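Below you'll find the structure, written out as structure tokens, and then a few comments.
The values are calculated or read from the model by the stated rules, or taken from the named source; none is laboratory data. The shown structure was predicted, so the numbers you read here are calculated from the model rather than taken from an experiment. Glycine gets a Cβ as well: all are built from the backbone with ideal geometry, and neighbour counts include every protein chain shown.
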Amino acid sequence: MNKSNENALIKGKVSYGLTDAGGNVLYSFISMYIVYFYTDNFGLSATAAGMMLFVTHTIDAVTAPLWGSLIDKTKTKWGQSRPYFLWLAIPFSFFTVMAFWDIGITGIGRIVYSYVMLLVLLLCYSGLQTAITAILSNLTNHPDGRIQLNTARMIGGNIGGYGIMIAAMPLVLLLGQGNEKDGFLYTAIICAIISAFCFFTAFINLKETTKTESVSFLKGFKALKGNIPWILLVITNLLFWVGFNMRNATLMYYLSYNMDNKEFVASANFLMMTSIIATIFLPVILKFVSKPKALCIGLLLMIIGELIIYLSGTSIIGFSAGWVLNSFGVSIAVAMPFLMLSDTVDFGYKKTGIRAAGLISAVGASFCIKFGSGLGNFFVGEIMTGYNYVPNVVQSTESLYGITLCFIWLPVMFCLLALIPMFFYTKQLMGIKSATPHIMEKA
């Protein structure tokens, strides 16, 4: 490889990594702290906050296929997916800031305001997430190239997401100067600026090389006909995101109340950064195991990590060990579906003659993330209310069990359920004899 090609490859990987870094800087901040912010700072009950997240995420999830279809029909001088980095970066940043801004509205208007801000920011993120996933199959047709790009994306996402998780609470405390509500607002502004910069940089540097045709909404759905591997992947991914978001939403509660160590939240988020090691070595792992097996390994590591945390009681050392192992599993389980979706795009194209990367990615990624997030947060709100959680007081034995249920046992259950479809995935993917060779490679 000559010097110019090598530089172009590095530039492409860094730029693709920035897309997920930009998305995760804001979305990780939202998913980790929005429930806590609305219950302990904005004044909503756990039930109201959980219901709001469920409703907004459900609407967002249902509209995800529309984003996919819109991308499939897009034809510009910049490409098919790339222009959405330019068009949606500012709205996503703006409405995230507004979601963390208490502008003084009271009564029903307060709830309506929260619903609108949260829904619009989620819709913007859904469009960006769909574009990020869909563009992979248009950046290169080579399987190794896709693995390298997807690895770069995951590393960027980990740095952006875990970086803000580590910095968020210290920033909230520093910028708020005793006013946690103001601290969350100022931190959201910083995250918004970083996110927009990442997306603009990615837009400038990335280039789509695969020729695409404009695909209508109804025609795009034909690409899903008989695409059983895609259906199985959607089921697994959805179950994973439900459990993952329940675990994320209750980390703050578990450390604050069950372990009486709220100060360890920043340290726990720092420990999650170690999962980048798993992401870096993912291409090596995939030389020895298939993609669905790698996904199963990630889910099993999550389960084992959760069990270690539970068995460790209030031990910070035990919690740290389980949390690191769990985070390694999360890193793998998050990365694999994005990579496997490209295979299902190729599978659908070979089977139907229609390349609907946008629609397949929208449902396979954005829908699962958003609907899974909505369900996860809804379950958290309902369960914690059912177990009589009261903010900012010493919790009862009953409410502590409710937090444990949301943080340990239900995520374990959803990970176990997510394993089941993967036992059938490879057989279905191999079922089409005329599929292109790279689909079969380590399928």
Practice problem: Filter segment 106-127 for residues that are farther than 15 Å from LEU53 by Cα and of a type in the set (Val, Ile, Thr) and give the result. | Solution: THR106, ILE108
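So, ALA21, is that one buried (at least 24 other Cβ atoms within 10 Å of the Cβ), among the small types (Gly, Ala, Ser), within 21 Å of TYR186 (Cβ to Cβ) and touching a helix residue (DSSP H, G or I) at 6+ places or on another chain (Cβ under 8 Å) or not?
Details: buried (at least 24 other Cβ atoms within 10 Å of the Cβ): yes; among the small types (Gly, Ala, Ser): yes; within 21 Å of TYR186 (Cβ to Cβ): yes; touching a helix residue (DSSP H, G or I) at 6+ places or on another chain (Cβ under 8 Å): yes.
Considered against the rule, which asks whether it is buried (at least 24 other Cβ atoms within 10 Å of the Cβ), among the small types (Gly, Ala, Ser), within 21 Å of TYR186 (Cβ to Cβ) and touching a helix residue (DSSP H, G or I) at 6+ places or on another chain (Cβ under 8 Å), ALA21 comes out as yes.
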Quiz item: Of everything in segment 275-322 that's touching a Lys or Arg at 6+ places or on another chain (Cβ under 7 Å) and outside any helix (DSSP H, G or I), which residue is nearest to THR151 (Cα to Cα)?
Solution: LEU286
Exercise. Mind listing just one residue for me: the one in segment 140-199 that is among the basic types (Lys, Arg) and within 24 Å of THR279 (Cβ to Cβ) and, of those, surrounded by the most Cβ atoms within 10 Å (Cβ to Cβ)?
Key: ARG153
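Any residue at all in segment 414-421 that is at pLDDT below 90 and more than 15 Å from the chain's Cα centre (by Cα)? Give the derivation first.
Residues of segment 414-421 at pLDDT below 90: none.
No.
Being surrounded by 24 or more Cβ atoms within 10 Å (Cβ to Cβ) and assigned to a helix (DSSP H, G or I) narrows it down to one of VAL234, VAL242, so name that one. Working first, answer last.
Working: VAL234 fails: surrounded by 24 or more Cβ atoms within 10 Å (Cβ to Cβ).
None of the others qualify; the one that does is VAL242.
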Quiz item: Residues in segment 39-51 that are buried (at least 24 other Cβ atoms within 10 Å of the Cβ) and closer than 13 Å to ALA99 by Cα: how many?
Solution: 1
Quiz prompt | Out of ILE309, ILE332, ILE316, sole residue that is surrounded by 19 or more Cβ atoms within 10 Å (Cβ to Cβ), among the β-branched types (Val, Ile, Thr), within 30 Å of ASN392 (Cβ to Cβ) and touching a helix residue (DSSP H, G or I) at 6+ places or on another chain (Cβ under 8 Å) | solution = ILE309
